[in-house]
1. Would you point out which residue out of 16, 51, 41 is in contact with a strand residue (DSSP E or B) (Cβ under 7 Å, 6 or more places away or on another chain), at pLDDT below 70 and assigned by TED's automatic domain parsing to the domain that holds residue 174?
2. Can you tell me how many residues within segment 112-142 are in contact with a strand residue (DSSP E or B) (Cβ under 8 Å, 6 or more places away or on another chain) and touching a residue at least 60 places away in the same chain (Cβ under 8 Å)?
3. Which of the residues that make up segment 200-212 are within 18 Å of the chain's Cα centre (by Cα) and part of a strand (DSSP E or B)?
4. When you check residue 221 against the structure, is it loosely packed, with under 15 Cβ neighbours inside 10 Å and not in a strand (DSSP E or B), yes or no?
5. So, in segment 225-263, exactly how many residues are outside any loop (DSSP other than H, G, I, E, B), out of contact with any helix residue (DSSP H, G or I) (no Cβ under 6 Å at 6 or more places or on another chain) and buried (at least 16 other Cβ atoms within 10 Å of the Cβ)?
6. Can you pull out every residue in segment 185-210 that is modelled with pLDDT of 85 or more, in contact with a strand residue (DSSP E or B) (Cβ under 8 Å, 6 or more places away or on another chain) and surrounded by 13 or more Cβ atoms within 10 Å (Cβ to Cβ)?
7. From the list 190, 218, 159, which residue is more than 30 Å from residue 118 (Cβ to Cβ) and in contact (Cβ under 8 Å) with a residue 12 or more places away in the chain?
8. Give the number of residues within segment 166-181 that are touching a helix residue (DSSP H, G or I) at 6+ places or on another chain (Cβ under 7 Å) and either surrounded by fewer than 17 Cβ atoms within 10 Å (Cβ to Cβ) or farther than 16 Å from residue 109 by Cα (or both).
């Protein structure tokens, strides 16, 4: 897929908004979903820059030397320019109490490549992930990245897909949704804190319907059923992402998929090509009035063109 309309960052923020809208259509009256800064930092296009002005030389008398002895000191004035971190967007689900205070319940993160591949960003995400679970917030992580491994905290629960065929587990899939629920906390001594977790993983692969997930609400309210495929389809078609998808081209990086997924990719491309051919062959020719044809023919002859 080409990226003519903003690439991953644009898709990410649009999709997060669609998830928030999808939730708000279904949530009970005392809940709402909104978009907030994510735990993920956007990729910076430029590094931090240190700008130094020209140095000023000044002769300084040495304390322990004769008056005639001097040393040279270079003094600089400068400005350290540091790009502020720009964060992706996430969805936060709140419950409004009768006293009109809002209690955060569940966070949704749509995982981005830079926050898995980049060590510094991955470390920052891992710390904020721990802070989220320590605050007793449920965490929903959506992984649409077939070439990326799971985030560090999910590797005990999710099989790594982007590895060699020999090393890939039989149950590994390129995509998944993971829902992590903290189950209280326990002190473990030596300054350690244990947070028991309940983790539900919804794995899915190529050309397979995205899962219907159980979104955790408060303990008293249970869960909310959310159809991710319906949300994805609405986003994909309404925002016209299909304009950058070409089914007559090989999928980039398809060799990294498992044999089963490669076969599914090929079958899907073949089915779409055949459907397009059938549509062209079975479409009736457009009826055009004879007078219109004569007018077009005369115009071509007068301009020196050929019909």
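The values are calculated or read from the model by the stated rules, or taken from the named source; none is laboratory data. Note that the structure is predicted; figures quoted are calculated from it, not measured. Glycine gets a Cβ as well: all are built from the backbone with ideal geometry, and neighbour counts include every protein chain shown.
1. On the way: 16 fails: at pLDDT below 70; 51 fails: assigned by TED's automatic domain parsing to the domain that holds residue 174.
None of the others qualify; the one that does is 41.
2. 14
3. Those that are within 18 Å of the chain's Cα centre (by Cα) and part of a strand (DSSP E or B): 201, 202, 203, 204.
4. Details: loosely packed, with under 15 Cβ neighbours inside 10 Å: yes; not in a strand (DSSP E or B): yes.
Judged against the criteria, residue 221 is a match.
5. 7
6. Residues satisfying the conditions are 195, 197, 199, 200, 201, 202, 203, 204, 205, 210.
7. 218
8. So the answer is 1.
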